[in-house]
Amino acid sequence: MKTPKIVKACLFTAVFFLCCYSSRAQKNAPAPFGPVPSENQMRWQEMEYYAFVHFSLNTYTDQSWGFGNEDINLFNPTALDCRQWARICKNAGMKGIIITAKHHCGFCLWPSKYTDYSVKNAPWKNGKGDVVREMADACKEYGLKLGIYLSPWDRNRADYGKPEYITYFRNQLTELLTNYGPIFEIWFDGANGGSGYYGGANETRIIDRKTYYDWANTYKLVRKLQPHIVIWNDGGERADLRWVGTEGGSVGETNWSLLNSTGDVPYNMLHFGVEDGNAWVPAEVNTSIRPEWFYHPSEDKKVKSLPQLMDLYYNSIGHNGSLLLNFPIMPNGLIHPTDEKNALAFGKAVKAAFSVNLAQNKPATASNVRAGSKAFSAGNATDDNNNTYWATDDGVKAASLTIDLGKPTRFNRFLAQEYIQLGQRVKAFSIEALVNGQWQELAKGTTIGYKRIVSFPTVKATRVRLHITDAKACLVISNAGVYYAPQILAAPAVTRNQAGIITITPVDKESAIYYTTDGSMPTSASKKYNGPFLSEGKPEIRAIVYDPSTQKSSPETHEKFDISRKDWKIVGIEDEKANAVLDGDPTTVWHQGKDKKMPVDLVIDLGKEESLSGFRYLPDQGQWGPGIIAGYEFYVSENNADWTLASKGEFPNIKNNPLWQTVKFAAKKARYIKLRAVKNTENNDETGYAEVDIITE
Ligand code: FUL
């Protein structure tokens, strides 16, 4: 068909103006300041939200980390369906999936030519299956990008620790980066070296994470095979993306997408970035929808709820990070229905909060506009185009942008974006609103970066102002948005103190709480909570928050406590603070001093003989809480003199995921218990406890 003349003329005019506009914009544009993202990093940053799937032999052994000798015959999912994973991720608003092609145990989800320890020798599909292939096909079908997790540490390989292993590792990389189409991200886990099967050697092998893998050449290979990839590496040479120092699901409110290109970075720097860093290394927030990465049936009730997932959103994407959310795959090869339900509700809630930008195309003015030029005017921040921006004159590092909403408008979120292609600049800002003719401050913040979302209680205002108070260089803001996020009812927290008193705390202080103590589901017709109450025996509390105006309730909190700890005493320790171990409050913690050399004992008198079948340990819940016990022995005694070993072992992955650790053992009668810390995660002599509890028969 011939293009009509008028259409041609319009097209020509549009292209002409576009060219004039962009060359003019470029002519006076601010110079880049400091490090800037590469094209690959920029493309990745715009993905914002994508998934991890953890699936391996661990799925069948209920472990976090396989030792490397797990039986290949265990791998036989009966309903494996990567299309289910992809469908869920797509419907949840995600843009890609990273699959654990090989976790630390060394088992390969694809039929690698270079090892027998793979799906090709598993019963699944009579050894003809390839999970990575099925994942790649499903991603393609659902328009998702594919990423690969390949653990550098391999506890199965006899040659791990020797130079030969590097050849093996690179051969595997070559297979994965050649045979499965475009790969958007490669994930090199930082957990590297330690005990393992190692082809039957059953020993501990320590490697130098910085030098062993010859990262420089490994990266070269990766980039040659996949020129558009981004590399995540927490263990060795600085990569394209950084870990945020925690698997808990947040990055600092101050978050610079910068690090120094050499030198070690402590956990807290990973969390906040380095203001004057000389390399662009943006933050990826990796966390699991359940406490652990692999599937454990015991966590079926611990799937992150919608309010928790929303917090995660604000603490990652809202803090200039990306969100990598993990789904543990069940032994049958599917994502659990609760994980699916919560992930979809999360996607829906994000849409409900952020699909209508109340500032879009609203008139905006600024206290300074670069060269007074339209090309950098305030309106570029509200025009729904991230490639145009409001900029200030060189040297103007503080200025404000005012958006006229036209009429009193209800909102509770502000979103700002810097045009990071020219570097990250903003150091401090505040959000103000014109309410009933008066300017009032709603919130304060520090960095902005690619995206910053600020939450505050709902206001009704006619104007809103982004007031940048400090920056490294002139301001370059590509987007300013105003949103109304509907209220989300959050499950309340339920705690029991040592005296047996139950306290239920809502997230929103004004919410009404309803609860049951008989194991039944709470509703608004259940007992209303009017303050702390005493419990007897092994109480089971189920509680909800209920909003009468919408007749909606929060997800429930379900806590099952064991026997009362009323008569328990910590034996032989003078320090009063030690009671934090028994106070039922996960936020209080007690540390045995560093002067005590490992092993360190904690002895508790239960007051009378009990029939024990396990114990629980909660380490320091502080973000970088020290003294996390990694290796333990647990003893029981009837007289505090003759001790029987009930269990010994390790708490795997407790460093990155410092949650309740539950250990079960064959039933034993005892009045005294002794938790012996034989090793902590830092290999020093500190030992910390938020809580210690027992499991009775
Ligand atoms: C950690 C690993 O040790 C965990 O098992 C998990 O794979 C997580 C994503 O990274 O470092």
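Which FRET efficiency value, to the nearest 0.05, do you get for ASP470 and LYS301 by plugging their Cβ-Cβ distance into 1/(1 + (r/R0)^6) with R0 = 30 Å?
Plugging the Cβ-Cβ distance into 1/(1 + (r/R0)^6) gives 0.05.
Over what distance in Å are the Cα centres of the stretch 282-307 and the stretch 83-118 separated?
Comparing the Cα centres of the stretch 282-307 and the stretch 83-118, I get a distance of 17 Å.
Within the stretch 303-323, find all residues whose amide N lies under 15 Å from a label point positioned 7 Å from the Cα of LYS351 along Cα-to-beta-carbon.
Hits in the stretch 303-323 for LYS351 at 15 Å: none.
Given R₀ = 35 Å, what would the calculated FRET efficiency be for GLN84 paired with GLU536, taking r from the Cβ atoms and rounding to 0.05?
Given R0 = 35 Å and the Cβ-Cβ separation, E is 0.20.
Amide H neighbours of SER322 under 5 Å, counting only residues 5+ apart in sequence or on other chains, H built in-plane at 1.01 Å?
Long-range HN contacts for SER322: ALA283, GLU284, VAL285.
Quick check: convex hull over the Cα atoms of the stretch 39-352, volume per residue in Å³, rounded to an integer?
Residue-normalised Cα hull volume stands at 120 Å³.
Could you tell me what a quarter of the Cα convex hull surface of the stretch 493-560 works out to, in nm² with one decimal place?
Averaging across all directions leaves 4.4 nm² for the Cα convex hull.
Give the separation of the Cα centroids, the stretch 548-580 to the stretch 131-202, in Å.
Using only Cα atoms, the two centres lie 42 Å from each other.
Please compute the modelled spin-label separation between SER455 and ASN497, points set 7 Å along Cα→Cβ, answer in nm with one decimal.
2.8
What's the Cα-based Rg to Rh of the stretch 411-458, Rh via Kirkwood?
1.04
I need the Kirkwood Rh of the stretch 15-136: take the reciprocal of the average 1/r across all distinct C-alpha pairs and report it in angstrom.
Final number for the Kirkwood radius of the stretch 15-136 is 17.8 Å.
I'd like the Kirkwood hydrodynamic radius of the stretch 196-301, using the inverse of the mean 1/r over distinct C-alpha pairs, in Å.
The Cα-based Kirkwood calculation yields 16.1 Å.
Can you compute the label reach from ASN179? Point 7 Å from Cα along the Cβ direction, backbone N cut-off under 15 Å, restricted to the stretch 131-161.
Counting backbone N atoms under 15 Å from the label point, the list is 131-137.
For the stretch 569-696, with all protein chains present and a 1.4 Å probe, just round the carbon and sulfur fraction of the accessible area to a whole percent.
46
Evaluate E = 1/(1 + (r/R0)^6) for GLU574 and ILE206, where r is the Cβ-Cβ distance and R0 equals 25 Å; express this FRET efficiency to the nearest 0.05.
Calculated transfer efficiency: 0.05.
Between the stretch 470-521 and the stretch 341-393, what is the C-alpha centre distance in whole Å?
First find each Cα centre; the distance between them is then 27 Å.
Spelling out what I want: for every residue of the stretch 189-198, take phi, set θ = phi - 60°, compute 6.51 cos²θ - 1.76 cosθ + 1.60 (Karplus), and round to whole Hz; glycine and proline get x.
So the Karplus estimates, Gly and Pro as x, are 4, x, 6, 9, x, x, 6, x, 6, 6 Hz.
Size of the dipole of the stretch 583-697 about the Cα centre, Lys and Arg at +1 and Asp and Glu at -1 on the beta carbon, nothing else charged, in debye to 20?
320
Just tell me, in residue order, which DSSP H segments of the chain are both 20 angstrom or longer along the helix axis (alpha-carbon based) and at least -0.5 in mean Kyte-Doolittle hydropathy.
The answer, listed by residue number, is 5-28, 337-354.
Please identify the trypsin sites (Lys or Arg not before Pro) of the stretch 169-228 that satisfy two criteria: DSSP loop assignment and at most 16 other Cβ atoms within 10 Å. Which are they?
Passing sites in the stretch 169-228 are LYS210.
Could you work out the local net charge near LEU612, counting Lys and Arg as +1, Asp and Glu as -1, over the other residues with Cβ closer than 13 Å to its Cβ?
That works out to +1.
Using a 1.4 Å probe on the protein chains only, how many percent of the accessible area of the stretch 493-560 belongs to carbon and sulfur?
In the stretch 493-560, the share of accessible area belonging to carbon and sulfur is 50 percent.
Nearest 500 deg cm²/dmol is fine: what mean residue ellipticity at 222 nm does the chain get from its DSSP H runs of n ≥ 4 alone, each adding -39,500 (n - 2.57), divided by its residue count?
Mean residue ellipticity at 222 nm (helix-derived): -5500 deg cm²/dmol.
What residues have an amide H closer than 5 Å to that of VAL426, excluding those fewer than 5 places away on the same chain, when H is modeled at 1.01 Å from N in the peptide plane?
Those qualifying (amide H under 5 Å, at least 5 residues apart or on another chain) are ILE448, GLY449, LYS472.
Probe radius 1.4 Å, ligands and nucleic acids ignored: give me the carbon and sulfur share of the accessible area of the stretch 327-398 as a rounded percent.
In the stretch 327-398, the share of accessible area belonging to carbon and sulfur is 53 percent.
Tell me, what is the per residue accessible area of the chain in Å², probe radius 1.4 Å?
43
Keeping all protein chains in position, work out how much accessible area ILE72 exposes to a 1.4 Å probe, and write it in Å² to the nearest 10.
Surface accessible to solvent at ILE72 totals approximately 30 Å².
More than 38 angstrom separation, counting every C-alpha pair in the chain; what % is that?
Percent of Cα pairs beyond 38 Å in the chain: 44.
What's the extension gain from ASP547 to ASN126 if we count 0.36 nm per residue and subtract their Cα-Cα distance?
Extending this stretch completely gives an extra 146.2 nm.
Between ASN385 and MET42, with labels modelled 7 Å along Cα→Cβ, what's the label distance in nm to one decimal, could you check?
A separation of 1.6 nm, rounded to one decimal place.
If you consider only alpha-carbon coordinates, what radius of gyration and Dmax does the stretch 426-520 have, in Å?
20.0, 62
The values are calculated or read from the model by the stated rules, or taken from the named source; none is laboratory data. Bear in mind the structure is a predicted one, so any value in this text is a computation, not a measurement. In this analysis, Cβ positions are derived from the backbone assuming ideal geometry, glycine residues included, and neighbour counts consider all displayed protein chains. Each accessible area value is taken on the protein alone, full model and side chains, heavy atoms only, with ligands, DNA and RNA left out. Shrake-Rupley method; radii C 1.70, N 1.55, O 1.52, S 1.80 Å.
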